[in-house]
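Okay, structure first, notes after.
The values are calculated or read from the model by the stated rules, or taken from the named source; none is laboratory data. Fair warning: this is a prediction, and the values are worked out from it, not measured in the lab. A quick note on method: Cβ atoms are made from the backbone with ideal geometry, for glycine too, and the neighbour counts reach across all protein chains shown.
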Amino acid sequence: MSIDEYNKIVDLFSDKVYRFVLKNLRDVEKSQDIIQDSFEKLWRNVENVTYEKAKSYLFTTAYHTMIDMLRREKKKGDFENVKPSEYSHSEQYSDLKEILDEAVQKLPDAQRSVLTLRDYEGYSYQEIAEITGLNESQVKVYIYRARLFLKEYIGSLDTVI
């Protein structure tokens, strides 16, 4: 096919192919992109496509390009309907220590005190009992309850992610 024949094909069929794609997609910009791609593919194959077969080549190419685009978009999903809260979180944590510190702050005062004395400072149960004025069994119960709360708090994915 010659350049003059190619230009005649553009003049004759560009509107018809455009209307065909536009009726199917109902999106002006996407339709224009598909038409441009179709004519580009025709230009690349100008030696292999005869003038008589150009119309069917254009419509076939436009149709397949449109189907390919629809399949790609279907895989991508509709970003306008995505709720950002489902895929993101508003609090950024640099490491687990910050989450642990937050969880410790949520403990009742007595549990937080005995837990920090035992796990952070390294005091024995007896020393903690002397410092806080509690008996040793109360210290053990408070530490157990605090650790249980921390395990449940940090164990939930909503907190860590």
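Residue by residue, here is whether (1) among the acidic types (Asp, Glu); (2) part of a loop (DSSP other than H, G, I, E, B); (3) in the same structural domain as His64 (by TED's automatic domain parsing); (4) touching a helix residue (DSSP H, G or I) at 6+ places or on another chain (Cβ under 9 Å) holds:
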residue	(1), (2), (3), (4)
Asn7	no, no, yes, no
Lys16	no, no, yes, yes
Phe20	no, no, yes, yes
Asn24	no, no, yes, yes
Lys30	no, no, yes, yes
Asp37	yes, no, yes, yes
Leu42	no, no, yes, yes
Glu47	yes, yes, yes, no
task = Specify the residue that is nearest to the chain's Cα centre (by Cα); the eligible residues are those in segment 107-136 that are part of a helix (DSSP H, G or I) and aliphatic (A, V, I, L, M).
result = Leu115
note = The correct count of residues that are among the charged types (D, E, K, R) and touching a Ser or Thr at 6+ places or on another chain (Cβ under 9 Å) in segment 24-40 is 2
note = Among the residues of segment 18-48, the number that are at pLDDT below 90, over 15 Å from Asp68 (Cα atoms) and surrounded by 19 or more Cβ atoms within 10 Å (Cβ to Cβ) is 1
